[in-house]
Each structure stands twice: as C-alpha cells, then as structure tokens.
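Reading through the structure tokens given below for one structure.
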Amino acid sequence: MPATNLQLPPDPPAGVGFDLDHTLLVDNKLERVAMLHVLEAIGEAGGPAERSLDAQSAAIDALLARGRAAGTPIDDVVREFARGHGVRDAEALVGLYRRRCLELVDALVIPEARVAEIVAALSDRGVSVAVLSNGWEPLQSAKARRAGFAGGPILTSGTLGVGKPEPAAFGALLTALGTAADRTWYVGDDPSGDIAGAQAAGLWAIWARAGADSYPAALPQPDAVLDAFGDLLELLPGASGAS
Ligand SMILES: [Mg+2]
C-alpha cells in the first residue's frame, strides 16, 4: 500500500509544500560531520576515551537538535560548541562550520527517488510548489537543489525567524505558494512538526513515513500516508492507483 488516502478532499491541491530532511532527501548527518571537522580544528578530536568520537557525535546531535527546536541561529550553536571546548573566539570556527556544511552537500545529500520528476509533474499541472524547512540558509537551499527541487520558493526557519510547527511558518508557506490553506497539501515525516503543525494551520498533511513502523496514537492522524515519496502522484484525484 504505497500511498494511502485517508481523508484528502476530492479536489486537486492548488499548492504543495514539502519538508526537506527524510521527506525529499537524507543528508547522512551532514551537520554532525561538519561539527566534527570543527572539533578536529579545535584539536580535541582524538581525546581521551571518555570523550570518544561516538560520545562527541551524540553530544553534537543533541546540541544541533536543541538549537533547531529553539530556533537558535546556527552561528550561535557553533559558538556554544566552541565555548564548551574552551574556545572563546569562535568566529573562524563559525566560518569553518558553514563552509564545511556546504562542501559536504554533494557527497552526503541523497535525494529520494523521483523528486525532480514529481515536483515538475505538479508544476506542469499548475500546482504551486515550495519547501518549508527548519534550518538555516544557504544550507537548506543547497540541499533542496541537490535533491532536485526546482520551480518554487525555499523557505527556512533561519530566514523566517519562525519554524514548524508554529502556524506562522505555515502561514509564510501559504503566502509563498499563493494558495488557501484548505487547497494546500504539506508533505513531511515529523508527526508533530510537520503533520500536526500543518493541520493546525488548516493545511492537509501527508505523512512520509520514512520507514517508521507506526504513527503516534496521541496525535491527530495524517490525511494521507506515503510509504515512498515516489508514490505522491498516486494521491492526486484521478491518478491510477489512487486509493
Ligand atoms: Mg523531516
């Protein structure tokens, strides 16, 4: 059952917004790797056993997740990391981190199958497309382009000053798409940030399950479920294989 329509309306969407990570692409811990380069530059990469690289990686993942959730500018996240390692003037490390992230996009970002084809097919049908992603510029735009997204705006929490699941983030998406909420689909993998957030803002929410076994029972259910991104067009009214 690759694409399951639970309660999408019978009309085609006027616009579709997309999450990036684990929806259009995987980035294989790109920002963790860039931060490990920063750690290497600090000279602590080969530290004592209690600060193994695995432990450092876990701490970096937690730091990045906290920053993303709080909407902390990425430069401040790098400064906090540097301070934690005894570096007071972190500006060179901030530059290193940003540079490494962009350099790693081609190697680490892998698109889901058929992203470019599906986005183009939506555009050909007159459906507006856009990305709404929690993250910073210019990294998220570089990742979106690497994934094959084209033909629409790329909105990021770093530029908007507000991120998912805040209704204002989805409001900015609707403005960029030029569509009404009840004619707009949002596709994402995160049940709270993407699905509950989009539904609270009045959009239709399609869960890209990204290998997850089940949907959290405590949250409102998505309006449709995708086992693979490449099956998105099956949800369009009249598409062969639509359920
Ligand atoms: Mg995601």
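For L102, the stated conditions do not hold, so it cannot be described as within 15 Å of the chain's Cα centre (by Cα) and closer than 28 Å to V38 by Cβ.
Residue-by-condition table, conditions (1) buried (at least 18 other Cβ atoms within 10 Å of the Cβ); (2) within 25 Å of K29 (Cβ to Cβ):
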residue: C101; (1), (2): yes, yes
residue: D106; (1), (2): no, yes
residue: E137; (1), (2): no, yes
residue: A150; (1), (2): no, no
residue: S157; (1), (2): yes, yes
residue: V162; (1), (2): no, no
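Listed residues D231, D124, D213; which is touching a residue at least 60 places away in the same chain (Cβ under 8 Å) and surrounded by fewer than 24 Cβ atoms within 10 Å (Cβ to Cβ)? Give the derivation first.
On the way: D124 fails: touching a residue at least 60 places away in the same chain (Cβ under 8 Å); D213 fails: touching a residue at least 60 places away in the same chain (Cβ under 8 Å).
Within the list D231, D124, D213, the selection yields D231.
State yes or no: is R79 away from the ligand (no atom under 16 Å from the Cβ), modelled with pLDDT of 95 or more and in contact with a His (Cβ under 7 Å, 6 or more places away or on another chain)?
Values: away from the ligand (no atom under 16 Å from the Cβ): yes; modelled with pLDDT of 95 or more: yes; in contact with a His (Cβ under 7 Å, 6 or more places away or on another chain): no.
So R79 fails the test.
If you scan region 173-226, which residues turn out to be assigned to a loop (DSSP other than H, G, I, E, B), closer than 26 Å to G126 by Cβ and away from the ligand (no atom under 16 Å from the Cβ)? Selection gives G178, T179, A180, A201, G202, D223.
Before we move on, is T72 part of a loop (DSSP other than H, G, I, E, B), within 16 Å of the ligand (Cβ to nearest atom) and either surrounded by fewer than 18 Cβ atoms within 10 Å (Cβ to Cβ) or β-branched (V, I, T) (or both)?
Working: part of a loop (DSSP other than H, G, I, E, B): yes; within 16 Å of the ligand (Cβ to nearest atom): no; either surrounded by fewer than 18 Cβ atoms within 10 Å (Cβ to Cβ) or β-branched (V, I, T) (or both): yes.
So T72 fails the test.
Examine region 90-112 for a residue that is over 25 Å from G193 (Cβ atoms), in contact with a helix residue (DSSP H, G or I) (Cβ under 8 Å, 6 or more places away or on another chain) and in a loop (DSSP other than H, G, I, E, B), and state whether such a residue exists. So far as region 90-112 goes, yes, one or more of its residues are over 25 Å from G193 (Cβ atoms), in contact with a helix residue (DSSP H, G or I) (Cβ under 8 Å, 6 or more places away or on another chain) and in a loop (DSSP other than H, G, I, E, B). Does L236 satisfy being surrounded by 13 or more Cβ atoms within 10 Å (Cβ to Cβ), under 14 Å from V16 (Cα atoms) and under 20 Å from the mean Cα position of the chain (by Cα)? For L236, the condition - surrounded by 13 or more Cβ atoms within 10 Å (Cβ to Cβ), under 14 Å from V16 (Cα atoms) and under 20 Å from the mean Cα position of the chain (by Cα) - is not met.
Residue by residue, here is whether (1) of a type in the set (A, V, I, L, M); (2) on the phi < 0 side of the Ramachandran plot holds:
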position: D124; (1), (2): no, yes
position: A130; (1), (2): yes, yes
position: T156; (1), (2): no, yes
position: L174; (1), (2): yes, yes
position: G178; (1), (2): no, no
position: R183; (1), (2): no, yes
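Among the residues of region 181-207, those identified as in contact (Cβ under 8 Å) with a residue 40 or more places away in the chain and within 20 Å of A65 (Cα to Cα) are G188, D189, D190, G193, D194. R145: surrounded by fewer than 17 Cβ atoms within 10 Å (Cβ to Cβ) and not assigned by TED's automatic domain parsing to the domain that holds R68, yes or no? Here the answer is yes, as R145 does meet what is asked.
The values are calculated or read from the model by the stated rules, or taken from the named source; none is laboratory data. Values in this document were obtained by computation on a predicted structure and should not be read as measured data. Don't worry about glycine lacking a Cβ; one is built from the backbone with ideal geometry, like all the others, and counts go over all protein chains shown.
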